[in-house]
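See below for the structure under consideration.
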């Protein structure tokens, strides 16, 4: 796991010290929006993360109290990863990144069905963000995440 030294006392800088690489936020995305909970699910998410990077980021997220891992009841050799309340606090940031990424890059290659779903999600965020955010947080807490992206 990489060292997490502070560059400065700036809150933005500190947030970037912890969350400033793409893999960390993609792991959070996969938990929140795709309901992934196991190491192999993260590996197979389609992003191409290397095993050593995934292991490092999961350990870092756990050591900073953004997620916890527990032995999986049905198979004791597996760990299940879940967000803590601190990790759930990242959901509004990830939602804003979703909207930014959607609006920023008009070259995203999505099927018509996925495009319709994404447009509906963006519309919900833009028109009633608070209700949508509560729905997502509830689904994460209940381990019932829906595939929003």
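Computed from the coordinates by the stated procedures, all read-outs in this text should not be read as laboratory data. These figures come from a predicted structure and were not determined experimentally. Glycine gets a Cβ as well: all are built from the backbone with ideal geometry, and neighbour counts include every protein chain shown.
Converting the Cα gyration tensor eigenvalues of the range 45-91 into ellipsoid dimensions via √(5λ) gives semi-axes, longest first, of 17, 17, 10 Å. If the chain linking residue 99 and residue 41 were pulled fully straight, counting 0.36 nm for each residue of separation and taking away their Cα-Cα distance, it would gain 18.4 nm. The structure-derived value of percent of Cα pairs over 25 Å apart appears in the list (i) 38; (ii) 17; (iii) 32 under the label (iii). Between residue 144 and residue 79, the C-beta separation translates, for a Förster distance of 35 Å, into a calculated FRET efficiency of about 0.95.
For residue 134 and residue 25, FRET efficiency with R0 = 25 Å and r from the beta-carbon atoms, rounded to 0.05? Mind showing how you got there, number by number?
Details: r = 21 Å, r/R0 = 0.85.
So, using R0 = 25 Å, E works out to roughly 0.70.
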